[in-house]
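Taking it in order: structure first as structure tokens, then the write-up.
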Amino acid sequence: MTAALKLRAIRLCAALLLSSAALLPGEARAGAARIASINMCSDQLLMALADPEQIVGLGPYARDPHLSFMAREAERFPQLSGEAEDVLELQPDVVLAGRYGKRATRELLRTKGIKLAEFDVPRSIDDVKAQITRLGELVGHPDRASALNARIDQAADRTRQAAARWQGRVLPLSRRGWIAGSDSLISSLLSTAGLVNAAAELGLRQGGFASLETIVAARPDLLLMTDDVPTAEDQGKALLLHPAIQNSYPPSRRLVIAEQLTICGGPMLPQALDRLTAAIERIDR
Amino acid sequence: MRAADRTLLAALLVGGVVLLFLVSLSIGPVRLSLGTVIEALVGGGTDVQRTIVQEIRLPRAILAVTIGAMHGLAGAALQGLLRNPLAAPSLFGAPQAAAFGAVLVIAIGVADTLSYALPLAAIAMAFVSVFVLLAVAGRNANLLLLILAGLALSSLAGAATSLALNLAPNPFASLEISFWLLGSLEDRSFHHVTLALPFMAVGAALLMMRGEAFRVLSLGEEAAQSLGVDVGHLRLQVILGVALGVGAAVAVSGTIGFIGLIVPHLMRPLVGYDPGRLLLPSALAGGALLLAADVAVRLIPSTTGIKVGVLTALIGVPFFLYLVVRQRRSLTGSLA
Amino acid sequence: MSEADYFVVDGLCVSLGGKLRVKDVSFGLPRGCLTALVGPSGAGKTTLLRALAGLIPSEGRITAGGEEVSKIPVRQRARRLSYVPQGEAVHWPLPVRDVVALGRYPHGAPDPQRLGITDADAVARALHEVDLMPLQDRRVTELSGGERRRVAIARALATEAPILLADEPIASLDPYFQLAVMALLQRQARAGALVLVITHDIGLAARFADCILMLSEGRLAACGPPSAVLAPPRLADVFSIDAYRSSHDAQPVLVPWAMR
């Protein structure tokens, strides 16, 4: 393939990507040689599935230990700004990006002829598995993808077994009173475990901010929180330390699963499920 | 205005505050009747009702009334000191500077948002800003100069607040910025009350006790001084009182502006324009105004909570412009 | 300076902004004396008066009734010395009576609406002196310039201090009120007060004052009765003017007449 032809092929792919998020025929076989990611969640998928030589750069949050599951591994790879400039300079074969946010950056890259693979925010375990399969094809390692998916399935089975003994209503509560809706990955994890996301009772099926009062009044059995550190580094965190919550929900009534395990779907999912299993078993006792 | 009228005014204001306080306790996302609220307040009702009323709504209402009172009082005191109805802490950048102080200690990791370091830093920055402002404007404070310097200081403090939040390793900076710059009383707890109230009480006391001096100051600084008022000391006391009160208020509620501008102006005709009698009614009316604003933000339907500072600014800025138009002649005159 | 002098100033120097504005001024004045402080613009009259009132720091000694003024506690000093600044303005629309009652502040009466009998009497007398009784319930902002000036003087009178210092109390008043205010101040002096006023009107100074202090470039150029201080050579020296002189009803008439 001449350089010109190759470029045309990439343009074609980019055009196709615009119209459809489906797997592209060209992605599967060869496995792109040089891949960059500008989204924290695709960073994780990429690190889990690609060979290190294939990765030319990761997004700005990849090394953040609070958010990024594979923060340590990410240190091996160049860190990108998340904006178009350094990506353009690198000229990777594919750029992984989120479907939401950074719209201007994505448009710019596209007009410059750089191929984009966009990933939705996964709303269920199945979504995550589909993304893993898709990226496995893209990097040319479908075997790794199916192995990871198998690990997810096994973890989900363990959770299901544990959950058979206890069922209850869980409210996933984050900073500033943000409640993840029923149509979210966290909800999918909960339902795998046979637990009910109480968000719907609060009228927040799509997720949203709940006031302290409605949380207290809904009286969920458990709160699902991302950490248990008793300092309020900002006002959003301060809400979680409000006495109304602290008193009604002592540590024994909280499920704590670190943010980096639930913020994305991907290689962290088995561990997230195992944490959930362990938490349920503890409550059971 | 006779003493009986003044007592009536104070009684009406107290009545209004009590009424709004009860309304504030009865309003929230969870529907509770006034009867239930009162029952829960005195220890009856279900666990959930008690939690909602005693731990969520009560501290919020207490903060609204005390912070509003503090802003109203600070405005009345500054207007008394500077002998001008356009003076107010928020126009002089004091709350913005206080917010910067609070954000700074969080950003450099000295303290979290529930520590006493927060009000202390806010108070220190508020003190610096008011002190600098009055120093820049000079002894015979020309109002135009004050407002320009105040604008500069509040812009600087607002920018510094945003910068500090952006530089801090917090991915939620933009939400935090909006809290500090627009203010909110949502979901505060008694922890916040104990954090702010002692400082506000001292600040309020410092301002309250100088009513007579403000009255004498109506004659100008020189005449007041010749009548035995230590104007230098008075200035310092007012700066300290405003810094303590406003700084502590901002540390728990963020920047809530314009109450200190609106309230003294509304109360002034009712007390016969006497700056010495303006302090208590301004404090009461300030408490009532912030209670009412905080009730209103809960009643206006919206997807995410409206910040109470947005509402006070929406009312306050047009009011400020109206005052400027009324003062236009004296403002342009003071240029000469 | 004689034994009878009540207000004695000895070697007074005042610096403002690093510049010496009042240089080694000494004089003594008895009670019951209306004194005019005159001098060209920039001579340091206001600076001197503010230093006498204790509003700005100074070097030298100022004694009133044998006591050093700087050592008297502020509140007591305010009872001894009242001061009317140049163009005193009231910044809020307060009633005339309440403004005048602020003169009782040094006497421990901070609330104009809760005055004791002594204080209320003093306020009534002051209002009566300046003929403002009929206007006592009006707001000062509704008054004319001349009326406001009288309010300021009444405020100072209400203190009933033995020494009254006034900075240009008759500037920008119409002739009727200029005469009225000077006559009023003269009455205060006759009643036993020591009144010291700054004025640019050397004609009225010659007509009403018992004593004239003439300041030139921060120094006391002359001190004494009008006839001596306002003599032709001094007016020529200090003011660079000649004056028309005459008498009317056995009172001296002095009208600035020509530049020199």
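The values are calculated or read from the model by the stated rules, or taken from the named source; none is laboratory data. Predicted, not measured: the structure shown is a model, and the values here were computed from it. For neighbour counting, all protein chains shown are included, and Cβ atoms are generated from backbone atoms with ideal geometry for every residue, glycine included. In case anyone asks, the SASA skips ligands and DNA or RNA and just uses the protein heavy atoms, side chains included. Shrake-Rupley method; radii C 1.70, N 1.55, O 1.52, S 1.80 Å.
A few remarks follow.
- Whether segment B:149-269 is rounded, prolate or oblate, judged on the alpha carbon gyration tensor where a/c under 1.5 counts as rounded: prolate
- Between the helical axis of C:117-129 and the longest alpha-carbon principal axis of chain C there is an angle of about 50 degrees.
- Heavy atoms of the protein chains alone define the surface here; on that basis chain B has 37 Å² accessible area per residue at 1.4 Å probe size.
- Across the options A:Pro60, A:Leu49, A:Ala117, the greatest Cα extent toward the positive end of the charge dipole of segment A:21-120 (unit charges at beta carbon of Lys, Arg, Asp, Glu) belongs to A:Ala117.
- Other protein chain C-beta atoms within 10 Å of residue C-beta, averaged over A:240-249: 5.
- Centre-to-centre separation between the Cα atoms of segment A:235-274 and those of segment A:129-149: 29 Å.
- Annotation: lysines with alpha-carbon distance below 18 angstrom to C:Lys19 (same-chain offsets under eight excluded): C:Lys45.
- Sorting A:156-165, C:31-40, C:104-113 by average packing, meaning the other beta carbons within 10 Å per residue, from highest down gives C:31-40, C:104-113, A:156-165.
- Overall, the anisotropy analysis places chain B in the oblate class: the square-rooted eigenvalues a ≥ b ≥ c of its C-alpha gyration tensor yield a/c not less than 1.5, with a/b not exceeding b/c.
- Cβ-based charge dipole, segment B:162-268, positive-most Cα from B:His265, B:Ile239, B:Ala249: B:His265
- Straight Cα distances below 20 angstrom link A:Lys237 to the aspartates and glutamates A:Asp64, A:Glu213, A:Asp227, A:Asp228, A:Glu259, B:Glu55, B:Asp112, B:Glu176, B:Glu186, B:Asp187, with same-chain residues fewer than 8 positions distant left out.
- Within the straight-line cut-off of under 22 Å between alpha carbons, the lysines reachable from A:Lys102 are A:Lys112, A:Lys115, sequence neighbours fewer than 8 places apart in one chain being disregarded.
- Computed about the Cα centre, the dipole magnitude for chain B is approximately 760 debye when only Lys and Arg (+1) and Asp and Glu (-1) carry charge, each at its Cβ.
- Between helix A:125-139 and chain A: long-axis angle, C-alpha atoms, 0 to 90°, nearest 10: 20
- Spatially, segment B:183-259 and segment C:61-88 are offset by 31 Å when compared through their Cα centroids.
- Convex hull (Cα only) mean projected area of the protein assembly as shown, reported in nm² to one decimal: 48.5
- Take A:182-192, B:81-91, A:124-134 and order them by the average number of nearby Cβ atoms within 10 Å per residue, most first; the result is B:81-91, A:182-192, A:124-134.
- Summing +1 for each Lys or Arg and -1 for each Asp or Glu among the other residues whose beta-carbon sits under 11 angstrom from that of B:Leu270 gives +1.
- Distance from segment A:73-94 to segment C:217-260 (C-alpha centre basis), Å: 92
- Listed residue (B:Gly158, B:Thr312, B:Val42) projecting farthest to the positive dipole end of chain B, Cβ model: B:Thr312
- Simple Cβ-charge dipole of chain A, Lys/Arg +1 and Asp/Glu -1, about Cα centre, in debye nearest 20: 420
- For segment A:21-120, size of Cβ-based charge dipole, Lys and Arg +1, Asp and Glu -1, in debye: 240
- Environment charge of B:Met209, counting only residues whose C-beta is closer than 15 Å and scoring Lys/Arg +1, Asp/Glu -1: +1
- Taking a sphere under 13 Å around the Cβ of A:Ala84 and counting the other residues whose Cβ falls inside, with K and R at +1 and D and E at -1, yields a net charge of 0.
- Taking the longest Cα principal axis of chain B as reference, the axis of helix B:173-182 is set at about 50 degrees.
- Interface residues, segment C:79-111 - accessible area loss of 40 Å² or more versus chain alone, probe 1.4 Å: C:His91, C:Trp92, C:Leu94, C:Leu102, C:Tyr105, C:Pro110
- Of the accessible area of segment A:148-284, computed with a 1.4 Å probe over protein heavy atoms only, carbon and sulfur atoms account for 49 percent.
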